[in-house]
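Step one of this worksheet: look at the structure below.
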Amino acid sequence: MNQFDPELFEAELRELKPSRAPSEFIEKMEERLCPSTTQLPPRANRPSPKVIHIPNIWRWLVPASALAAAVVAILFLRAPTQSARPQQTQTSVAPATPALEADNVEMAQQLVASFDAVGHLPSGEPVRFRCREWIDEINLKDSQQGVAVQQRTPRLEIVSVNFETY
């Protein structure tokens, strides 16, 4: 049975000597990384960096002018014109008064049901819960306007209780 020992494998790798890459490959890499000076065009044929060429200007001028035209068009379309808008008259609005001013408020709680339940934790341990169902009731009365509002809301209360062991 063969067992792989990384330390022996690394020792064998250290003893090995890498082979030389083919000379054609080295020549191609040297040409790409360090181009010879004979490949550069003569100084007279190379463009001067100070000279501005027309094609370079057009390359930037056309998109910039199109962007500027779009911005102007958007601003022109969104600008409000005085003749297009009708004159609006100012109207004063009375401050809002509260719709309901309760002079009689009653709050009540009513227990509807009470029971115990048993559940199990993911570890399998049992847990006991005490459950209570309530109805919360709020009554508002405004005797000036003759309005009465009644709101009933059910509520479930769950409390975990430890098992009592003797």
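None of the figures in this text is laboratory data; all of them are computed from the coordinates on show. All values reported here derive from a predicted model rather than from experimental measurement. When we count neighbours, we look across all protein chains shown, and the Cβ atoms used for this are built from the backbone with ideal geometry, even at glycine.
For the reader, a short list of remarks on this structure follows.
- Every residue from the range 110-137 that is among the charged types (D, E, K, R) and not in a strand (DSSP E or B): E125
- Single unsatisfied condition, Q150 versus (1) closer than 13 Å to A102 by Cβ; (2) surrounded by 13 or more Cβ atoms within 10 Å (Cβ to Cβ); (3) of a type outside the set (F, W, Y): (2)
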